[in-house]
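Heads up: the structure comes next, in structure tokens.
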Amino acid sequence: MSALTEILFADTHNYHGTLDERFHDLAVQFSRLQDARTDQGGAALAVFFQGQKVVDIYTGKKSLNEQWTEDTLSVCYSTGKGVLATLAHLLVSEGFLEYDVPIAHYWPEFAQNSKEKITLRHVLSHQSGLYDLRNLINDAREMLEWQHMLQVFEQATPRFTASQGNAYQALTFGWLVGGALEKATKRSLPDLMQTYLIEPLQLEGAYFGVPTSELVRVARLIPQKTKSEQQQQFKKSKVSKTHKPGFTDKLVTWTGQNPQDFQDAMIPKGMKNFSFFSDEGLQAIIPAANGTFTANSLSKIYAMLANGGQWEGKMLIKPEVYQQLSTIQSYARDRVMPIPMNWRLGYHRVLTMGKRAKNGFGHIGYNGSGAWCDPDRNLSFAYTHNFKIGSITGDYRLWGLTQETLRCADKILKGHKGWF
């Protein structure tokens, strides 16, 4: 059965949770997109609109023998960058550090090898030149050691002078931002998360480094087809044994980018012996890649951002800080990402199938998870899952769910949904 047929004939109520009926069409689409694959994994979707939660639904399997529940945590890869950036903005609002003061002011050891002028703004907007991880460590397992990785970046040399280009810091972002926050506050990253993000927003699941007690809540990858089934599928598809370029490969080629930049940013040596889904991978602090969240927590963080940095009557992010974090820093072509990102301070534009969210921002993950806000609509969104897929530009389900979320909000605000 083709993917299109699966969607057309899917169960339209294959989900659990709570739903505002004004967003019923979104829940139907979520069900259509997940129905055919609920034995392969699970997913969750959460939306806040005008400060209220209007969608909090889920479906499918959390692990081989467990069903997804309302408190299931999901590894979200780069979606966590937006959470780490939000923590940075909260700390800037608290006066612990500033965007344009060199990081070396807070972290003197960082000044080595031409990094003395790099600022938090450079890092948050992917203009630091410190995107290459492949040539900094010899094995991916080094990423498990937080203090070791901070020392790696103390000694690192940028590939280009800060502000002289854009290059997505796919993995390095977490140690650069997280290290700066720790040095400026003299407190650990988990402690900062707890004090300035989790407690004020009363989040029920948001971690960089999952505590042992919470590992049971994490959705794991589910083993797929047996070897014989894979061989049968291989014969039916008549696929050549030679590698065929994927969508990302083609994008990189079409845009004229250097594939080596992509590899240096995205693929550390020894990744075949490393898993973000292992217990040690989950418990390590790798903020650019192993942030673990519930969809509800992600959407709530962005609901605060959609409301200008305020939540339940409290100003968590000062207006002048909010104005900076939501302003596009560069339209320059990125050396790693093959599509325009319109980088703000830790966030990129909202990626949709046509609807515009001109002032919206957020972050997607390599697995097609994602979270964003649209201040114009006072709307926030988060989608998480545990399917074994990967794309640096997002899964089509993420784009489609984003599109329908905006359409449902417009039906309420404007009286019609529209496609653009």
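Numbers at a glance
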{"item": "Pair list, Cβ under 9 Å, 6 or more apart: segment 284-302 residue closer than 16 Å to L215 by Cα, other residue basic (K, R)", "result": "G291/K81; T292/R217; T294/R217"}
{"item": "Residue in segment 15-29 that is surrounded by 22 or more Cβ atoms within 10 Å (Cβ to Cβ), closer than 16 Å to S380 by Cα, of a type outside the set (V, I, T) and in contact with a Leu (Cβ under 9 Å, 6 or more places away or on another chain) present", "result": "yes"}
{"item": "Count of residues meeting criterion [modelled with pLDDT under 95 and either among the acidic types (D, E) or within 23 Å of G205 (Cα to Cα) (or both)] in segment 398-420", "result": "0"}
{"item": "Enumeration of residues in segment 248-283 that are loosely packed, with under 11 Cβ neighbours inside 10 Å and either at pLDDT below 60 or closer than 24 Å to W146 by Cα (or both)", "result": "K272, N273"}
{"item": "Boolean, P340 is surrounded by fewer than 20 Cβ atoms within 10 Å (Cβ to Cβ) and either in contact with a strand residue (DSSP E or B) (Cβ under 6 Å, 6 or more places away or on another chain) or under 25 Å from L176 (Cβ atoms) (or both)", "result": "yes"}
{"item": "Conditions (1) touching a residue at least 24 places away in the same chain (Cβ under 8 Å); (2) closer than 30 Å to M341 by Cα; number of the one not met by Q224", "result": "(2)"}
{"item": "F48 being crowded, with 23+ Cβ neighbours inside 10 Å and part of a helix (DSSP H, G or I)", "result": "no"}
{"item": "Residue among S128, S93 that alone is buried (at least 22 other Cβ atoms within 10 Å of the Cβ) and among the hydroxyl-bearing types (S, T, Y)", "result": "S128"}
{"item": "Condition broken by I286, with the remaining ones in (1) closer than 18 Å to L73 by Cβ; (2) loosely packed, with under 15 Cβ neighbours inside 10 Å satisfied", "result": "(2)"}
{"item": "Hey, S330 touching a strand residue (DSSP E or B) at 6+ places or on another chain (Cβ under 9 Å), surrounded by 15 or more Cβ atoms within 10 Å (Cβ to Cβ) and modelled with pLDDT under 95 or not", "result": "yes"}
{"item": "Top-ranked residue in segment 165-192 [being farther than 22 Å from H105 by Cα and buried (at least 21 other Cβ atoms within 10 Å of the Cβ); ranked as farthest from the chain's Cα centre (by Cα)]", "result": "N166"}
{"item": "I7, sole failed condition from (1) touching a helix residue (DSSP H, G or I) at 6+ places or on another chain (Cβ under 7 Å); (2) modelled with pLDDT of 95 or more; (3) under 21 Å from Y396 (Cβ atoms)", "result": "(2)"}
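To keep it simple, each residue is scored yes or no on (1) closer than 30 Å to G346 by Cα; (2) among the hydrophobic types (A, V, I, L, M, F, W, C); (3) touching a Leu at 6+ places or on another chain (Cβ under 9 Å); (4) modelled with pLDDT of 95 or more.
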site	(1), (2), (3), (4)
M1	no, yes, no, no
D11	no, no, no, no
S31	no, no, no, yes
G41	yes, no, yes, yes
A44	yes, yes, no, yes
Q50	yes, no, yes, yes
V54	yes, yes, yes, yes
G60	no, no, no, yes
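The values are calculated or read from the model by the stated rules, or taken from the named source; none is laboratory data. Quantities reported herein were computed from a predicted structural model and do not represent experimental measurements. Cβ atoms come from the backbone with ideal geometry, glycine included; neighbour counts cover every protein chain shown.
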